[in-house]
Amino acid sequence: MTRRSPESTPANPPRSRSLRVEMIVGSLLLAFGLFALPGLVFWAGGELLGPYGKDAGMGTFYGDFYAGLASGAARTWMLALGPLVAIGLIRLLFLRRHDPRSHDNVAAPPPARSMADPRRVEPRVSLD
């Protein structure tokens with residue numbers, strides 16, 4: 001029988017698990033920005049503005065896109081990092097800060113009774 005450490009209980013997931021999830025989500029968003037989003041831009045540009053160039057297809061667009069990344073062009077880096085940055089900013093907007101002094105799973109203690117008035121107060125319901 002193996003004992004679990006307090007960090008691996010369901011109430012306290014290990015930090016490595018949340019870090020792993022963050023890395024996976026970040027990698028997927030970066031991959032979307034590098035591989036899928038340029039194709040969507042090519043398609044939308046072809047629909048709205050016409051063909052990319054004379055006898056130039058999607059391969060030429062991707063070649064120009066990756067050449068722009070290699071040369072450090074800001075517009076291509078903004079397109080590649082856009083999904084990652086946008087989701088990060090949205091998550092920051094809705095971030096709920098956790099107060100380390102508060103414990104969500106522990107009930108608050110009942111209020112202390114004043115010793116100045118030790119008599120019991122009965123609740124009553126009135127019909128008027």
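The values are calculated or read from the model by the stated rules, or taken from the named source; none is laboratory data. Computed from a predicted structure; not experimentally measured. Protein only, heavy atoms only, side chains kept; ligands, DNA and RNA dropped before computing areas. Shrake-Rupley method; radii C 1.70, N 1.55, O 1.52, S 1.80 Å.
Using a 1.4 Å probe on the protein heavy atoms, what percent of the accessible area of region 38-82 belongs to carbon and sulfur? Whole-percent figure for carbon plus sulfur exposure: 68.
For region 18-80, the fraction of alpha-carbon pairs lying more than 14 Å apart is 62 percent, rounded to a whole number.
Counting only protein heavy atoms and a 1.4 Å probe, region 9-84 has 71 square angstrom of accessible area per residue.
Could you give the length gained on full extension between Val41 and Leu19, defined as 0.36 nm per residue of separation minus the Cα-Cα distance, in nm?
Value of the extension gain: 4.8 nm.
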